[in-house]
Every structure is written in C-alpha cells, then in structure tokens.
Amino acid sequence: MEDGVTPPLLITERDTTMIRVKEEVKTQLWLSAPLIGVSLLQYSLQVISVMFVGHLGSLPLSAASIATSFASVTGFTFLVHFFIPFLFLFLCVKNAIGK
C-alpha cells in the first residue's frame, strides 16, 4: 500500500449473498419465461376474440366479454386445480410401479 499498489478487492459475506441472489433470480426468470409467454398468448387470444365480436355490436360485445371472463375464471381454474394434479399423480404412480 505504501508504494501505490492497492490491495485486491475483498469479497465480503454480503457480496456473496447478493451474487447468489442475483443468480437465483436469473435462474427463476429463465425457468418461468415459457409460462409467462403462454399466459400472454392465452390472454391475447381472448382479447382478439372479444375484439372481433365487438364489430357485431354492443350487445354481442358485452355477452362475449362476460362469457370470456366466466370461462377463464371457472374453466381454467377447474382445469388447473383438478385435472393437472390427477394427471401428475397418475404419472407418478405409473413411474413408481413400473411401466
């Protein structure tokens, strides 16, 4: 230090924690990118359908909007909460007892 040479940067425990957090966030975003893409495409499909019905008039537009909302809340919730866990359970049991 006396001859103008600076010591190397010390990596503290806080810095290593921040590095690990950044790596974890990057990994989580990479893994969730397909899910985000599918959600955006599914939403855009519903919006485009309602936009096409909007050309027919205000009454068909309101009916299509209510139907789309009702289908997304009830139908997709039923699919996610009931069908997919049973499918996962079936695949796990099938792999556990053999093909």
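The values are calculated or read from the model by the stated rules, or taken from the named source; none is laboratory data. Every value quoted in this text rests on a predicted model; they were computed, and no experiment measured them. Neighbour counts run over all protein chains shown; Cβ positions are idealised from the backbone, glycine included.
Close Cβ contacts (under 8 Å, 6 or more residues apart or on different chains) running from residues in the range 31-53 that are under 18 Å from Val73 (Cβ atoms) and touching a residue at least 12 places away in the same chain (Cβ under 8 Å) to residues that are of a type in the set (A, V, I, L, M) and assigned to a helix (DSSP H, G or I) comprise Ser49/Ala64; Val50/Leu61; Val50/Ala64. Selection of first residues in the range 72-93 that are closer than 24 Å to Ser49 by Cβ and surrounded by 10 or more Cβ atoms within 10 Å (Cβ to Cβ) and of second residues that are of a type in the set (Phe, Trp, Tyr) and at pLDDT 80 or above, restricted to Cβ pairs under 9 Å at least 6 apart or on distinct chains, gives the following pairs, ordered by first then second residue: Ser72/Tyr43. Of all the numbered requirements in (1) modelled with pLDDT of 80 or more; (2) of a type in the set (A, V, I, L, M, F, W, C); (3) surrounded by fewer than 10 Cβ atoms within 10 Å (Cβ to Cβ), Ala33 misses one, and that requirement is (3). When restricted to residues that are aliphatic (A, V, I, L, M) and touching a Ser or Thr at 6+ places or on another chain (Cβ under 6 Å), the range 33-51 contains 1.
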